[in-house]
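*Asks:* The structure follows.
The values are calculated or read from the model by the stated rules, or taken from the named source; none is laboratory data. All values reported here derive from a predicted model rather than from experimental measurement. Reconstructed Cβ throughout: ideal geometry from the backbone, glycine too, with neighbour counts over all protein chains shown. With ligands, DNA and RNA removed, areas are computed over all heavy atoms of the protein, side chains included. Shrake-Rupley method; radii C 1.70, N 1.55, O 1.52, S 1.80 Å.
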Amino acid sequence: MTQLTYKAPRTLSRFLDSDSFVRCIVGPVGSGKSSVCVMEILLRAKNQAPGSDGVRRTRFAIIRNTYSQLRDTTRKTFVAWVPQEWGRWHEQSFTFHIQRPLKDGTSIDCEILFRSLNRPEDVRKLLSLELTGAYINEAREIPKQVLDVLETRVGRYPSMAQGGASWSGIWMDTNPWAKGHWGYRLFTQRIGLTPEDAKRYALFEQPGGLDEGAENIENLLGGREYYLRMMAGKDAEWIESYIHGRYPSNDTGAIFGRALAALELRKGLEAFEHPNDGVFTSWDLGVSDSTAIWFWRLNAKRMPDLIDHYESSGQSASHYFALVESKPYKYVKHYLPHDARQRSWQTGVGVVDQFIARWGANLVTIGPELSLRDGIQAGRWLLEQEMRIHPRCGSGIDALREYRYEYDEELKVFSTRPLHNWASHSADAFRYLAQVVRHTDLVTRQKVAQPLVHQRPSMDELWKEHDRQRRRMA
């Protein structure tokens, strides 16, 4: 049977030696992060204490942001390192099952579950998984809530009747995340961690790709030339993050990143007092997908203060109605996206009709419809105004930070369309909110008389005037 040989670089060797409950590797592209995380699965499966029957049972989840990334990138790394004769694939459940004898007479029984986060059913399944451990690939693209859920799901397999888990934990890899990202706040700034908690979270930072101690260089085509070639045509922010492995001020490819960073500098993300009347809501609707709601009211500058945020998936309309009514706010208007007009084939009733039946036509309306590009511009414009976002909107702020353009892993370029991921729904609801404010601003702004501008006549106009003069004199 195929034998596997792996030699970890210095930083990644320290990572493998660590037993911290949550570990994260941060480094430039091509530094061997994903490879060592696959090795961790095999190492933990081999070292799991055997049950009374001599079987070392483990179950791991591998998490990636989208199904296409999980299939095209994460799985390829896994296949490159794990001899396929060691186990077999169950394609329907996207699981690889290893059953392999060891020289000491025991055997490995290891299930590896591949799960993406752009399919709501997979997100919900995280809540019921019984795991030994979990690996989050490209953690900067994952919401903090996923880590929180996984912390409650690991260490639950094997069962105590089967001997229990002799080790459990979560490990992650990522290119450097922005300084406002939850990962930076947790692992670097240690925000929200007691001294005792801090021992459970370990960060491993690799050198930059062009640094003297750069890791995994020997496995890259051309060595350091790999990074020099990749830098061609890239902006400084991309190079700082992907090549030098440094934390950017905002996420590379982030749609609202710069505007949010500027808003934070203006102290627009700090807590503020506000009344509970005059509140609007803006929605992004989903049935099998997520529904996101922003709660906002106009401040003295006639700009919105975002005072609350909520998102959930797989819930009925009555759940969201009850949630909105449970808040202490007095509402002025509920703004729905344009697709709320669509009627169900089964019932013949549109979403907007359900809202009107609940709250009345005076409180419910459809927001203005703009193109995706214009909606993004409206969102950037709004963040540049004298508006604020209350810290209780934390998950919504994280979504706005993460909202980014789709990245082509092969071409190494960003597309012109946003990536559909966990951040999309709250970001879309924010776009709809911005469209309402921008539209209102444009239609209510006083028209200013434009001064007359003297323009030079064109040559065609001069010749026409010359011909008119000649005809007049004839």
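*Asks:* Of (1) in a helix (DSSP H, G or I); (2) open to solvent by 10 Å² or more (accessible area, probe 1.4 Å), ALA45 satisfies all except one. Which?
*Replies:* Condition not satisfied by ALA45: (2).
*Asks:* Taking segment 30-42 as the region of interest, how many residues are part of a helix (DSSP H, G or I), open to solvent by less than 30 Å² (accessible area, probe 1.4 Å) and not charged (D, E, K, R)?
*Replies:* Applying the first criterion (part of a helix (DSSP H, G or I)) to segment 30-42 yields 33-42.
Now narrow it down to the ones that are open to solvent by less than 30 Å² (accessible area, probe 1.4 Å): 33, 35-42.
Okay, now just the ones that are also not charged (D, E, K, R), so 35-39, 41-42.
Count: 7.
*Asks:* Just checking, how many residues over segment 1-37 are aromatic (Phe, Trp, Tyr), touching a Ser or Thr at 6+ places or on another chain (Cβ under 8 Å) and modelled with pLDDT of 95 or more?
*Replies:* Of the residues in segment 1-37, the ones aromatic (Phe, Trp, Tyr) are 6, 15, 21.
Next cut, touching a Ser or Thr at 6+ places or on another chain (Cβ under 8 Å) only: 6, 21.
Pick out the ones that are also modelled with pLDDT of 95 or more and you get 21.
Going through segment 1-37 one residue at a time, the tally reaches 1.
*Asks:* I want to confirm something. Restricting to segment 236-263 and keeping residues that are more than 16 Å from PRO28 (Cα to Cα) and in a helix (DSSP H, G or I), which single residue is nearest to the chain's Cα centre (by Cα)?
*Replies:* GLY257
*Asks:* GLU40 - would you say it is modelled with pLDDT under 95, at negative phi and of a type in the set (Asp, Glu)?
*Replies:* Taking the combined requirement at face value, the residue does not satisfy it.
*Asks:* May I ask you to verify whether PHE78 is open to solvent by less than 20 Å² (accessible area, probe 1.4 Å), under 28 Å from ALA214 (Cα atoms), free of Cβ contacts under 8 Å to residues at least 60 places away in the same chain and not in a loop (DSSP other than H, G, I, E, B)?
*Replies:* Taking the combined requirement at face value, the residue satisfies it.
*Asks:* Taking the options TRP171, TRP177, TRP167, name whichever one is among the aromatic types (Phe, Trp, Tyr), touching a Gly at 6+ places or on another chain (Cβ under 8 Å), outside any helix (DSSP H, G or I) and open to solvent by 20 Å² or more (accessible area, probe 1.4 Å).
*Replies:* After applying the criteria, what remains is TRP167.
*Asks:* Has segment 88-99 got any residue that is open to solvent by 10 Å² or more (accessible area, probe 1.4 Å), in a strand (DSSP E or B), under 30 Å from ALA198 (Cβ atoms) and not hydrophobic (A, V, I, L, M, F, W, C)?
*Replies:* No, the conditions are met nowhere in segment 88-99.
*Asks:* Let me spell it out: the conditions are (1) surrounded by fewer than 16 Cβ atoms within 10 Å (Cβ to Cβ); (2) touching a residue at least 60 places away in the same chain (Cβ under 8 Å); (3) polar (S, T, N, Q), and SER316 meets all of them except one. Which number is the exception?
*Replies:* The single condition SER316 does not satisfy is (2).
*Asks:* In segment 264-309, how many residues are open to solvent by less than 10 Å² (accessible area, probe 1.4 Å), out of contact with any Lys or Arg (no Cβ under 8 Å at 6 or more places or on another chain) and outside any strand (DSSP E or B)?
*Replies:* So the count comes out to 0.
*Asks:* Out of (1) open to solvent by 80 Å² or more (accessible area, probe 1.4 Å); (2) modelled with pLDDT under 90; (3) in a helix (DSSP H, G or I); (4) not polar (S, T, N, Q), the odd one out for LYS447 is which?
*Replies:* (3)
*Asks:* Have a look at ASP53, ASP17 and point out the one that is open to solvent by 60 Å² or more (accessible area, probe 1.4 Å) and over 17 Å from CYS110 (Cβ atoms). Quick ask: steps written out before the conclusion?
*Replies:* Working: ASP53 fails: over 17 Å from CYS110 (Cβ atoms).
Being open to solvent by 60 Å² or more (accessible area, probe 1.4 Å) and over 17 Å from CYS110 (Cβ atoms) holds for just one of ASP53, ASP17, which is ASP17.
*Asks:* Right, GLU386: surrounded by fewer than 16 Cβ atoms within 10 Å (Cβ to Cβ) and assigned to a loop (DSSP other than H, G, I, E, B) or not?
*Replies:* yes
*Asks:* Go through (1) at pLDDT below 95; (2) under 26 Å from the mean Cα position of the chain (by Cα); (3) closer than 24 Å to LEU298 by Cβ for ILE366 and report which single condition fails.
*Replies:* Tallying (1) at pLDDT below 95; (2) under 26 Å from the mean Cα position of the chain (by Cα); (3) closer than 24 Å to LEU298 by Cβ, ILE366 fails exactly one: (2).
*Asks:* Scan ASP428, ASP441, ASP374 and give me the residue that is at pLDDT below 85 and part of a helix (DSSP H, G or I). Let's see the steps before the verdict.
*Replies:* Numbers: ASP428 fails: at pLDDT below 85; ASP374 fails: at pLDDT below 85.
When all the criteria are applied, what remains is ASP441.
*Asks:* I would also like to ask the following. Give me the residue from segment 221-242 that is charged (D, E, K, R) and at pLDDT below 85 and, out of that set, least open to solvent (accessible area, probe 1.4 Å).
*Replies:* Checked segment 221-242; the qualifying residue least open to solvent (accessible area, probe 1.4 Å) is GLU237.
*Asks:* So how many residues does segment 139-152 have that are assigned to a helix (DSSP H, G or I) and touching a residue at least 60 places away in the same chain (Cβ under 8 Å)?
*Replies:* Going through segment 139-152 one residue at a time, the tally reaches 9.
*Asks:* A follow-up question, please. Hey, among GLY375, GLY360, GLY396, GLY367, which residue is open to solvent by less than 50 Å² (accessible area, probe 1.4 Å) and either within 30 Å of ASP148 (Cα to Cα) or not small (Gly, Ala, Ser) (or both)? Can you show your working first?
*Replies:* Numbers: GLY375 fails: either within 30 Å of ASP148 (Cα to Cα) or not small (Gly, Ala, Ser) (or both); GLY360 fails: either within 30 Å of ASP148 (Cα to Cα) or not small (Gly, Ala, Ser) (or both); GLY367 fails: either within 30 Å of ASP148 (Cα to Cα) or not small (Gly, Ala, Ser) (or both).
One residue alone meets the criteria, GLY396.
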